[in-house]
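Following: one structure in structure tokens, then a few remarks.
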Amino acid sequence: MAIIYPTHPIIDEEELIRLVRTVESDDTARAFVLAATATIQFCMPDDLEPTATTPYTANQLVQHSVRSLPPLVLSAPLPVPRIMTCTLLATGLVGCQDPNNAFLYLRQATSMIETLRIADNETLSCISRAEKHKALRLYWLLYIHERYQVISEYRDPTLRPSSSLPDRDETVPQSIDVGFLRLIKMFKLLDGEFIAHWLDSPGRQKPTQKWVSRKCHEFYRDEVEFNGDAHLLTAAQLADLTITRHWLLMLVWRVAMSNQLLSKSSSEDCLSLIFPLHIATRLQQVLHKVPDHAIRVHGIGIGQKLFDILDTVADVILHIPSSSTTELEKRAASLKYLRELVSTLSCLDTTRQAIIERKLNRFEV
């Protein structure tokens, strides 16, 4: 669990041990352990094949977890492990290239968290401090997962931002506590206005250059705050937060592009036609200090974000001529770096691999 706990700080070691010890008698515990093991395997591409110690593939573990998850009991409280099982199954099903069932299980998890009314201050005031910490982390975890699914699968969200953020929890290691809060604050920037623009919702007001500039500067401010906390974080957390922020900046640029707000002569980087090239350069400058394993440990989620960045950068290079030989060489170097980074993850589906190869075959990279 050490691999996924930093981004899923809900089930701690003590509770995990209890769940493992009861897998033979408790269907919910068994389903959780199987889903967690599958998620861990998807974060370890080299270990996806069965071995003597891990006799099942991640896909098989997901299937076993689905079969083990018991039906809901009328009027019974919803246990946190059940909500976490559905959350982890959603992640695992993405790894199994089954986005529809991934949506189904994530929607189950968000529906269960909504029944608990954790976003309401009145509910939070009625539970203990420790329960409040865990409840808020669980709510925001699902908010993050749902926002990611909104982007990747063009689904409407159901969860609204809670008015409360998790306080410092002494039972959680400081690096995990700080890193998870940074992740919350970053995804909180994907507000209703951004989602409406991304989904091109009917009746929405069109985004303006002013909106694009403001949204990008929100991420820039987040980066400044992140730099102040960086010394508290692990290499894996630094990699996750850095890649995610640059990916989100790329999404803002894509909204601007789809609404014809870009310009060759814009004084704002984020409104420039070649902004993705700047993102690639910035990303390379940061990640060259991060060991590969700190990136690879995040598995398919980080791979898809890097794919989106690489795909967009390739499109820009294909369609916007460089101004000089030096500029062309810089572009080629950025593209080569991203390609090599994505190739080390070995977690892209065949469709994405084919898309990238088709575009890169047009370059000598």
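Some observations on this one:
- Think of each Lys and Arg Cβ as +1 and each Asp and Glu Cβ as -1; about the Cα centre, that makes the dipole of region 84-222 roughly 400 debye.
- Cα-centred dipole magnitude for the chain, charges only on beta-carbon of K, R (+1) and D, E (-1), debye, nearest 20: 860 debye
- Label-to-label distance, nm, for residues given as Asp12 and Arg282 (7 Å Cα→Cβ offset): 3.7 nm
- Loop-resident trypsin sites (Lys or Arg not before Pro) (DSSP state other than H, G, I, E or B) in region 237-317 with no more than 12 further Cβ atoms inside 10 Å of their Cβ: Lys264, Lys289.
- Whole-Hz Karplus values for region 286-298 come out as 7, 6, 5, 8, 9, x, 4, 5, 6, 8, 5, 5, 7 Hz, taken residue by residue from phi with 6.51 cos²θ - 1.76 cosθ + 1.60 and θ = phi - 60°; glycine and proline positions read x.
- Computed [θ] at 222 nm, helices only, for the chain once each DSSP H run of length n ≥ 4 contributes -39500 (n - 2.57): -21000 deg cm²/dmol
- Karplus 3J(HN,Hα) series, Hz, for region 209-218 with 6.51 cos²θ - 1.76 cosθ + 1.60 (x for Gly, Pro): 4, 4, 5, 4, 4, 5, 5, 5, 5, 5
- Extending 7 Å from Cα along the Cβ direction at Met44 and again at Ser322 yields two label points whose distance is 4.1 nm.
- Ser25/Ser201 FRET efficiency (R0 51 Å; Cβ-Cβ; nearest 0.05): 0.60
- Burial ordering of Val313, Val172, fewest other beta-carbon atoms within 10 Å first: Val172, Val313
- Our summary gives the chain a relative contact order of 14 percent, counting only alpha carbon pairs under 8 angstrom and 6 or more residues apart.
- The tail of the calculated P(r) for region 1-140, taken as Cα-Cα distances beyond 22 Å, holds 39 percent of the pairs.
- When the chain is treated as a Gaussian network with alpha carbon springs shorter than 10 Å, the biggest mean-square fluctuation among Thr28, Thr325, Thr234 belongs to Thr325.
- Look at the dipole of the chain built from charges on Cβ: of Met250, Cys96, Pro6, the Cα furthest out on the positive end belongs to Met250.
- Listed candidates (i) 21.0, 69; (ii) 22.9, 78; (iii) 21.0, 82 - label of the one calculated as Rg and Dmax of the Cα atoms in Å: (i)
- A Förster radius of 51 Å combined with the Cβ-Cβ distance from Thr344 to Asn121 puts the calculated FRET efficiency at roughly 0.70.
- A Gaussian network model of the chain, with springs between Cα atoms under 10 Å, assigns the largest mean-square fluctuation among Leu88, Leu318, Leu141 to Leu318.
- When the listed pairs Lys134/Lys210; Lys289/Lys359; Lys206/Lys264; Lys264/Lys305; Lys188/Lys264 are checked against a 32 Å cut-off, the alpha-carbon distance exceeds it for Lys134/Lys210.
- Rounded to whole Hz, the Karplus (6.51, -1.76, 1.60) HN-Hα couplings of region 300-311, x for glycine and proline: 5, x, 6, x, 5, 5, 5, 4, 4, 5, 4, 4
- FRET efficiency, Arg160 to Gln260 (Cβ-Cβ, R0 22 Å, nearest 0.05): 0.10
- Region 117-209: chymotrypsin sites (Phe, Trp or Tyr not before Pro) in DSSP coil with no more than 13 other Cβ atoms inside 10 Å: Tyr154
- In nm, spacing of pseudo-spin labels at Leu232 and Asp191 (7 Å Cα→C-beta vector): 2.5 nm
- Each Lys and Arg Cβ is given +1 and each Asp and Glu Cβ -1; about its Cα centre, region 1-172 then shows a dipole of about 360 debye.
- Cα lying deepest toward the dipole's positive end in the chain, options Val316, His64, Tyr154, charges on Cβ: Val316
- Those aspartates and glutamates that a straight Cα-Cα span of less than 12 Å connects to Lys132, excepting residues fewer than 8 apart in one chain: Asp120, Glu122, Asp167, Asp169
- Annotation for region 153-251: GluC sites (Glu not before Pro) lying in DSSP loop with at most 14 further Cβ atoms inside 10 Å of their Cβ are Glu170.
Read-outs: derived from the displayed coordinates by stated rules, not from any lab. Because the structure is a prediction, the values reported are computed rather than measured. Reconstructed Cβ throughout: ideal geometry from the backbone, glycine too, with neighbour counts over all protein chains shown.
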